[in-house]
Every structure is written in C-alpha cells, then in structure tokens.
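Remarks on the structure that follows.
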Amino acid sequence: MANIKSNIKRNKQNKARNVIVHSQKSAMKTQIKKTRNTKSDKDLNLAYKKIDSALSKGIIKQNKADRLKQRLALNNNKA
C-alpha cells in the first residue's frame, strides 16, 4: 500500500477508472456476440457504435477496431 498522498489518490483513481473501462469493454463484447448470432443490420450498427466509442475513449486501438468491424461485416454478409 502506498504511503504518499499522491500515490494513494492515483490508486483510487485507477480503481475507479478500471471499473468504467471494464464495463464499457464488456458491453462492447456483448454487443459483438449478439451481432454475430442475429446478423441483423440494426445490431451491426449498434456494434459499430460500441466499437467506435471504445476506440475514441482509448479502450481499444485503431487496428483492433478495424479488425472487429471487418469480421463483423464479413459475418453479416454471409447471411
């Protein structure tokens, strides 16, 4: 455990931020799985929105976002 005030504050901020990041990442993954199963355009648009949101907040990187979108589009076009 940290003894310095700034380190205590930083640990507290990291814990709070960690909860937010994990919930957003989980929501994105859930939407991606739902889109893979239903293959509807509405779900595809929602998945794109979640991916773009995670990208803009720095949760995932550009290459991963592009890869996820491409795989979803290919999966959606198979139907």
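The values are calculated or read from the model by the stated rules, or taken from the named source; none is laboratory data. Small disclaimer: the values here were computed from a predicted structure and weren't measured. Please note: Cβ atoms are built from the backbone with ideal geometry, for glycine as well, and neighbour counts cover all protein chains shown.
Restricting segment 17-63 to residues that are touching a residue at least 24 places away in the same chain (Cβ under 8 Å) and surrounded by fewer than 13 Cβ atoms within 10 Å (Cβ to Cβ), which is farthest from Asn76 (Cα to Cα)?
Checking each candidate, the answer is Lys57.
As an exercise: evaluate Lys5 against (1) under 30 Å from Leu72 (Cα atoms); (2) over 18 Å from the mean Cα position of the chain (by Cα); (3) charged (D, E, K, R) and give the number of the one condition it does not meet.
If we test Lys5 against (1) under 30 Å from Leu72 (Cα atoms); (2) over 18 Å from the mean Cα position of the chain (by Cα); (3) charged (D, E, K, R), just (1) comes out false.
Of all residues in segment 21-38, count the ones that are out of contact with any helix residue (DSSP H, G or I) (no Cβ under 8 Å at 6 or more places or on another chain) and not charged (D, E, K, R).
Of all residues in segment 21-38, those out of contact with any helix residue (DSSP H, G or I) (no Cβ under 8 Å at 6 or more places or on another chain) come to 21-23, 26, 29-30, 33, 37-38.
From what's left, not charged (D, E, K, R): 21-23, 26, 30, 37-38.
Final tally of qualifying residues: 7.
Just name the residue that is surrounded by the fewest Cβ atoms within 10 Å (Cβ to Cβ) out of those in segment 64-79 that are at pLDDT below 95 and not aliphatic (A, V, I, L, M).
Going through the qualifying residues, I end up with Lys78.
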